[in-house]
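The values are calculated or read from the model by the stated rules, or taken from the named source; none is laboratory data. Model, not experiment: these values are computed from the prediction. We place every Cβ from the backbone using ideal geometry, glycine too, and count neighbours over all the protein chains shown. What goes into the accessible areas is simple: the full protein's heavy atoms, side chains included, and nothing from ligands, DNA or RNA. Shrake-Rupley method; radii C 1.70, N 1.55, O 1.52, S 1.80 Å.
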Amino acid sequence: MSTQTRQMELEVMRYDPEKDDAPWFQTYSVPCMEDWVILDAINYVKDNLDTTLAYRWSCHMMVCGSCGMMVNGEPSLTCKTFIRELPDKVRIEPLENFPIERDLVVVLDDVMQKLHQVQPYIIRKDDPPAEDKEYIQSRGALAKFKQLTMCINCMCCYAACPQYALNKDFIGPAALALAHRYNRDNRDQGKSDRLDILADHDGVWDCSFVGACSEVCPKHVDPAAAIQQMKVDGAVEFWKQKMGIPGDKS
Amino acid sequence: MSRNPYVRPISTTTWYMRHGRYKVYVLRELTSFLVMFYSFLTIYGLSALTGSAERWDAFLASQQSTAMVVFHGVALLYFLFFQTFPWFKLAPKAMPVQIGEKKLPDSYIIIGHYVAWLAVSVFILWLAGAF
Amino acid sequence: MAIAKKAVVWGLFAAGGTLTSFVFPALIALFLLIATGNVPEGLQFDQIRTFAVSWLGKACLFIVLFLSVWHAAHRLRVVAHDFGIRKDALVANAVYTIAAIGSVLAAFYLLMIG
Ligand code: SF4
Ligand code: SF4
Ligand code: FES
């Protein structure tokens with residue numbers, strides 16, 4: 001491991017809900033190892049410079065999805081953002097488009113409720129299978145949505161999405177991608193149950209395909225693609241119904 | 001400990017100035033003005049075509065000017081870079097093709113679009129007798 | 001029904017977007033040629049008229065114009081929203097009316113070219 005360090009300026013947004021009227025920036029000078037990620041630098045601040053700094057993290061390996069922050073204006077998973085790719089001065093803010101709870105911690109109640117709202121679980125219309133049976137899923141059927149299962153709910157996509165920024169009722173990228181993941185699962189029969197929420201006003205149609213969500217997604221989930229596919233599905237389904245062709249029974 | 005979440009303000013009219021990718025997006029959406037303009041220009045042309053040869057020639061003559069040459073030239077480039085090319089790039093996202101267990105690579109679909117586009121363009125220009 | 005309406009206008013938007021992407025560069029190029037004074041052969045009165053008189057020609061022109069105006073209308077509605085105009089119902093009425101007028105005019109003139 002290299003022992004070389006680089007002095008970096010971290011401009012960190014601070015907000016104390018009990019004292020501050022508005023957020024402000026505090027600058028820390030951090031001796032960083034070249035192989036560090038931003039999260040390491042923030043941990044250094046917490047351990048050595050300022051114990052009052054509040055932020056979320058857990059796994060340090062792109063799994064838990066809790067370390068999302070704005071790094072120089074870009075929604076980023078800080079355990080995946082290497083300092084060697086950044087200039088000496090870095091600005092760190094809580095994820096945009098969310099209320100700030102304290103410092104770098106944001107309030108996620110809204111998206112939690114939205115994730116729940118799309119019924120992200122397998123819905124069956126027929127009888128549950130006998131104990132000794134299982135739902136068969138071919139590899140081809142899995143390939144239809146596998147990419148969408150990679151989401152770790154880091155909410156970077158919501159921080160990037162201008163339509164969510166402008167309208168908090170919009171269901172938004174990760175939750176819509178999650179809905180699409182279940183719609184495309186051959187074991188699921190709940191597509192029509194989800195239709196009301198998805199095809200309604202604040203569902204897929206509010207997305208204007210900026211594509212920002214997919215650009216920032218650290219897990220390459222590509223929510224923008226999922227949403228466009230849902231629009232195509234919705235439009236096709238409509239004409240099918242109009243022409244009396246029986247639609248997807250699921 | 002009391003909760004007092006802070007909501008950062010956002011401008012509903014200038015939000016896209018914050019990031020390059022938002023600006024590109026807005027430039028893309030603005031191609032709709034060009035589509036409207038050329039659609040109605042063509043419709044206007046059709047109205048001239050309902051009349052005599054003189055009326056059609058007058059329409060053609062009215063379209064001749066250096067200013068219009070510049071305008072069409074700029075419009076053509078703008079349209080290519082903010083509508084045609086981005087649309088092709090995004091096409092495989094909206095309509096992915098899966099054959100068996102494998103997704104067809106996006107690049108195949110995109111290249112297919114470009115080939116079809118060249119064919120269509122050559123056909124239209126040939127039909128109009130441009131060469 | 002809100003769902004149905006959105007599905008229809010989005011369908012037109014998507015179809016029109018594809019069509020304009022393919023066809024408009026050539027269309028603009030033709031206007032460019034006209035503007036330079038080098039009117040191509042096929043756009044001389046007799047020839048273009050023969051094309052527009054045929055039902056195939058009429059159908060092609062109408063489909064292109066129809067989908068284009070609806071595509072543009074829907075996108076203009078989004079543009080209005082993106083620039084902070086929040087009267088969506090009003091904007092929607094305005095842009096879709098423009099698209100409807102364009103469609104009707106295109107159909108009318110095409111039928112007039114007998
Ligand atoms: S879709 Fe990507 S950016 Fe959005 S929450 Fe999931 S992993 Fe994060
Ligand atoms: S593609 Fe849709 S969901 Fe994704 S950032 Fe853009 S508007 Fe938001
Ligand atoms: S700390 Fe778990 S994803 Fe970054």
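Brief remarks follow.
- Taking each of A:191/A:240; A:19/A:46; A:191/B:23; A:125/A:240 in turn, the alpha-carbon distance tops 24 angstrom for A:191/B:23.
- For the range B:1-68 versus the range B:77-119, the gap between their alpha-carbon centres in whole angstrom: 23
- Among C:24-30, B:9-15, sorting by the average number of other beta carbon atoms lying within 10 angstrom of each residue, highest first, gives C:24-30, B:9-15.
- Interface size, chains B and A: roughly 2800 Å² of accessible area buried, both sides included, 1.4 Å probe, rounded to the nearest 100.
- Chain A: calculated mean residue ellipticity at 222 nm from DSSP helix runs of at least 4, using -39500 (n - 2.57): -8000 deg cm²/dmol
- Among the protein heavy atoms of the range A:137-238, carbon and sulfur supply 48% of the accessible surface, probe 1.4 Å, non-protein parts ignored.
- Counting only other chain Cβ atoms within 10 Å of each residue's Cβ, the peptide A:60-67 averages 0.
- Within a Gaussian network of chain A (alpha carbon springs, distance under 10 Å), most fluctuating of A:138, A:192, A:29: A:138
- Cα long-axis angle, helix B:85-94 against chain B (0 to 90 degrees, to the nearest 10): 50
- Note on residue B:111 and residue B:57: their simple-model spin labels are 5.0 nm apart, each label 7 Å out from Cα toward Cβ.
- Residues in the range B:73-88 occluded by at least 40 Å² - accessible area, probe radius 1.4 Å, against chain by itself: B:76, B:79, B:83, B:87
- Residues of the range B:13-30 that bury at least 10 Å² of accessible area when the other protein chains are present, relative to the chain alone (probe 1.4 Å, heavy atoms, ligands and nucleic acids excluded): B:13, B:15, B:16, B:18, B:19, B:21, B:22, B:25, B:26, B:28, B:29, B:30.
- Surface composition of chain B: carbon and sulfur atoms hold 73% of the protein heavy-atom accessible area at a 1.4 Å probe.
- Paramagnetic reach from residue A:167 in the range B:68-103 [backbone N under 20 Å; point 7 Å along Cα→Cβ]: none
- For chain A, the per residue solvent-accessible surface stands at 46 Å², with DNA, RNA and ligands left out and a 1.4 Å probe.
- Figure note: B:82, B:59, B:123, B:71 ranked by solvent-accessible area, largest first, 1.4 Å probe, ligands and nucleic acids not counted: B:123, B:71, B:82, B:59.
- Taking C:49, A:91 and ordering them by how much accessible surface each has at a 1.4 Å probe, largest first, produces A:91, C:49.
- For the range A:145-215 versus the range C:3-76, the gap between their alpha-carbon centres in whole angstrom: 33
- Residues along the range C:83-100 losing 30 Å² or more of accessible surface when the other protein chains are present rather than the chain by itself (probe 1.4 Å): C:83, C:86, C:98
- Accessible area per residue for the range B:11-81, computed on protein heavy atoms with a 1.4 Å probe, is 46 Å².
- By the rule of a C-alpha distance below 18 Å, with chain neighbours fewer than 8 residues away ignored, the aspartates and glutamates paired with residue A:144 are A:185, A:188, A:222, A:233, A:248, B:101, B:106.
- FRET efficiency estimate (nearest 0.05) - Cβ-Cβ, residue A:116 to residue A:35, R0 41 angstrom: 0.60
- Its relative contact order, with pairs defined as Cα atoms under 8 Å and 6+ residues apart, puts the range A:5-106 at 33 percent.
- Folded to 0 to 90 degrees: helix C:2-36 orientation relative to chain C principal axis, Cα: 30
- Accessible surface buried upon C-B contact (total; probe 1.4 Å; Å², nearest 100): 4900
- Between C and A, roughly 1100 Å² of accessible area is buried in total, ligands, DNA and RNA not counted and the probe set to 1.4 Å.
- Chain A: Cys lacking any partner C-beta under 4.7 angstrom: A:32, A:67, A:79, A:151, A:154, A:156, A:161, A:207, A:217
- Reachable lysines from residue A:168, criterion Cα separation under 18 angstrom, eight or more residues apart if same chain: A:114, C:87
- For the range A:93-141 versus the range A:1-41, the gap between their alpha-carbon centres in whole angstrom: 32
- Ligands, DNA and RNA left out, the accessible area of the range C:5-112 computed with a 1.4 Å probe is 75% carbon and sulfur.
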